[in-house]
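> This is the structure I have questions about; it appears just below.
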Amino acid sequence: MFSAVLRAGFRSLSRTRANHTAPLAVRCYSHAEVETDEEFDSRWVTYFSKPDLDAWELRKGMNTLIGYDLVPEPKIIDSALRACRRLNDLASAIRILEAVRDKSGPHKEIYPYVIQELSPTLQELGISTPEELGIDKV
Amino acid sequence: MLSSRALVRGLQCGLWRRVSTSSGAWAAHSHDVDMIDCSVPQYNNRLDTPLPDVPFVRNLNPEQKKLKEKENGPWTQLTKEEKLAIYRLTHELSYPEMRKGSKEWMTVLGGVFFFLGFTGLLVWWQRVYVYGDVPHTLSPEWVEQQTQRMIDMRVNPVHGFSHKWDYEKKQWK
């Protein structure tokens, strides 16, 4: 019985050795679909554009978005600011702008670009930037 | 378990404000002013959570309520002070204020050095007033004779003690 097991073991060993000559080009990457930047942006714009978005969903969405390792595109922020307007929440709108500035970290050119892109919306909705209110300095 | 007395006492020691539990009996007989209710979402200042769960000021006085009413209308009609007041109702600290930090570390470091110095004083006093004399084998005469003996018997002649003694010139190398 023991020798039979050994023989079977040797046979299977030789079989696996033959299969081991797989080409190096086959790598073990995940087969999941990678979302493109545009898909990500449009997904979030759609999220904030929901007409009956409630305050909890706004907070949840914004906190999740800030948790990602990226600075949100101006169009996502625009959608979020309009959601704040629907919810009559000016404080959150200003906070979102502060968060975008904080998220850009050492890349100081991102925030002015975002404000520049958003300035029509900010004017239309009457949202003051943190700089205009003086809370960008301690 | 959450309302066990030991846990609440521990939390109360750690927090500035008294902690309340959800059971009514506690709230009934304690008449402290600043209670944190841990069973409901709390306000927090976090850089990674721009929109906190609850606004900072929950109980609005009449003029704050009027301001909130005005917020329902067009925001272009709000003055800068009003917008700032609305912001401060919902948020305690702005982002720069959150990032500011404090000078507490200087106090902590100063305290550490102070107590280290005090300990040093205690150690010195102990050395001078508590410890007795060292053994006589550490006296200079004894050490001299000991060193000569070690040289004579060639202690560690390859790399160590006697290796450093020049036997020709009768001095240290």
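> Using a 10 Å cut-off on Cβ to Cβ distances, tally the other chain neighbours for every residue of B:90-97 and report the average as a whole number.
That works out to 6 on average.
> Another question about this same structure. Counting only other chains, and only Cβ atoms inside 10 Å, what mean value do you get across the residues of A:121-133?
Numbers: counts 0, 1, 1, 3, 3, 7, 4, 7, 0, 5, 0, 3, 7.
The shielding value for this peptide is 3.
> Something else: Let's see if you can work this out: charge +1 on each Lys and Arg Cβ, -1 on each Asp and Glu Cβ, no other charges. What is the dipole magnitude of the stretch A:67-138 about its Cα centre, in debye to the nearest 20?
160
> For the stretch A:51-119, state which GluC sites (Glu not before Pro) are in a DSSP loop and have at most 11 other beta carbons lying within 10 Å of their beta carbon.
Details: sites: A:Glu57, A:Glu98, A:Glu109, A:Glu117; in loops: A:Glu109.
Sites meeting the loop and neighbour criteria: A:Glu109.
> Taking the convex hull of the Cα atoms, report for the stretch B:43-100 its projected area averaged over all directions, in nm².
Convex hull of Cα atoms, orientation-averaged projection: 4.5 nm².
> In nm, to one decimal, how far is the modelled label at A:Arg27 from the one at B:Phe118, with both set 7 Å along Cα→Cβ?
Here the answer is 6.1 nm between the modelled labels.
> Just to confirm the filter: which trypsin sites (Lys or Arg not before Pro) across the stretch B:65-123 are DSSP coil and have at most 15 other Cβ within 10 angstrom of their Cβ?
Sparse-neighbourhood loop trypsin sites (Lys or Arg not before Pro): B:Lys103.
> Tell me, what ³J(HN,Hα) does each residue in the stretch A:118-133 have, in order and in whole Hz, if you take phi through Karplus 6.51 cos²θ - 1.76 cosθ + 1.60 with θ = phi - 60° and put x for Gly and Pro?
8, 4, x, 5, 4, 5, 5, 8, x, 8, 8, 6, x, 5, 5, 8
> Could you compute the net charge surrounding B:His163? Neighbours are other residues with a C-beta less than 13 Å from the C-beta of B:His163; K and R count +1, D and E count -1.
Value of the local net charge: +2.
> Next up: Each residue of the stretch B:85-98 in order: what ³J(HN,Hα) in whole Hz does its phi give by Karplus 6.51 cos²θ - 1.76 cosθ + 1.60, θ = phi - 60°, with x for Gly and Pro?
Calculated HN-Hα couplings, in order: 5, 4, 4, 6, 5, 8, 10, 6, 10, 7, 4, x, 5, 5 Hz.
> Quick one: order A:Arg95, A:Arg82 by neighbouring beta-carbon count within 10 Å, fewest to most.
By the 10 Å Cβ count, ascending, the order reads A:Arg82, A:Arg95.
> Taking beta carbons within 10 Å but only from partner chains, what does the mean come to for residues B:67-75? Walk me through the intermediate numbers first.
Numbers: counts 0, 2, 1, 2, 4, 1, 2, 4, 11.
Mean partner shielding for this stretch: 3.
> A further question follows. Lys pairs in the stretch B:43-100, Cα-Cα under 22 Å, at least 8 apart or on separate chains: how many?
8
> Near the amide H of A:Glu73, under 5 Å away, which other amide H atoms are found, from residues 5 or more places off or on another chain, if H is placed in the peptide plane?
none
> State whether the stretch A:28-110 is rounded, prolate or oblate according to the following rule on the C-alpha gyration tensor (a ≥ b ≥ c being the square roots of its eigenvalues): a/c under 1.5 gives rounded; otherwise a/b larger than b/c gives prolate, and the remaining case gives oblate.
Oblate, since a/c reaches 1.5 and b/c is not below a/b.
> DSSP loop (so not H, G, I, E, B), at most 11 other Cβ within 10 Å: list which trypsin sites (Lys or Arg not before Pro) in the stretch A:101-138 pass both filters.
Counting only loop positions with at most 11 other Cβ atoms within 10 Å, the trypsin sites (Lys or Arg not before Pro) in the stretch A:101-138 are A:Lys108, A:Lys137.
Read-outs throughout are calculated quantities, based only on the coordinates presented, and are distinct from any laboratory measurement. All of these numbers come straight from a predicted model, not from anything done at the bench. Positions of Cβ are generated from backbone atoms using ideal geometry, with glycine treated the same way; all protein chains shown enter the neighbour counts.
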